[in-house]
Amino acid sequence: MVVAKIAPSLLSSDFACLAQECERMLELGADYLHMDVMDGHFVPNLTLGAPIIKCLRPHTKGFLDCHLMVSHPEQWVDDFASAGADLFCFHIEATEDAATLIDRIHAKGMKAGMAVKPKTPIDVVYPFASNLDQVLVMTVEPGFGGQAFMPECMQKVSDLRSKFPELDIQVDGGLDTENIAVAAKAGANVIVAGSSIFKAKSPGEVISLFRKTVDEAQTAM
């Protein structure tokens, strides 16, 4: 049985206090620190990159879960490894040789993740799943925070969980206290949430609720 891992998305944090925000999330019970990397090409938005990860690394022992929404992710493996990223998650839609990329990520000492957009069939992941540490099923179109959760993506999570019961399955996009049960029941165990955590009156309570809901769903499976 997989366990719950809660990953606040720092895209919703105060970037002027990024190191402090990371430590605040860890103190509130976060397992991962989700870093949204966007290049303005694969997605229309532009956010942080490896130099910021490098600056942040000395200030936190947290697990830096880096989601690269970028074209040609191969060119960034060395930079993110040197910067101190713990997990390098690339989009299957952005590479022509996923198997080689996964091997390169592992060779650099990082965990490897693969992400799929809402319209990408989940079976494209299957040939690589046994060599992946995590699969990210996007529940919004990547590129911007604050979008509405797409429940139709949960069938992909269910299909993936049925085939790979021990795989870490991450969901990202619009997750909140109203829909976490749907994601957990489908089989997601790694929960990314930005607005619903950072804008909550009590972020720690939201993190605890997410964890409890996922763990209860996994126990019931």
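Sorting Ser158, Ser9 by solvent-accessible area of protein heavy atoms yields Ser158, Ser9, largest first, with a 1.4 Å probe. In summary, the aspartates and glutamates within cross-link reach of Lys111, defined as a Cα separation below 12 angstrom excluding same-chain residues under 8 places away, comprise Asp65, Asp86, Asp103, Asp133, Asp168. Accessible area per residue for region 109-195, computed on protein heavy atoms with a 1.4 Å probe, is 39 Å².
Peptides 185-196, 170-181 ranked from most to least packed, by the mean per-residue count of other Cβ atoms within 10 Å: 185-196, 170-181.
Here region 35-119 carries DSSP beta bridges of which approximately 5% are antiparallel, counting only pairs with both residues inside.
Measuring between alpha carbons in the structure, the pairs from Lys119/Lys201; Lys54/Lys199; Lys61/Lys199 lying more than 31 angstrom apart are Lys119/Lys201. When +1 charges are put on Lys and Arg Cβ atoms and -1 charges on Asp and Glu Cβ atoms, the dipole computed for the chain relative to its Cα centre reaches about 320 debye. To put it simply, the accessible area of the chain at a 1.4 Å probe is 54 percent carbon and sulfur. In the chain, the DSSP beta bridges split such that about 5 percent are antiparallel, to the nearest 5.
The values are calculated or read from the model by the stated rules, or taken from the named source; none is laboratory data. These figures come from a predicted structure and were not determined experimentally. Note: ideal-geometry Cβ built from the backbone for every residue, glycine included; neighbour counts use all protein chains shown. Surface areas here come from the heavy atoms of the whole protein model, side chains and all, with no ligands, DNA or RNA. Shrake-Rupley method; radii C 1.70, N 1.55, O 1.52, S 1.80 Å.
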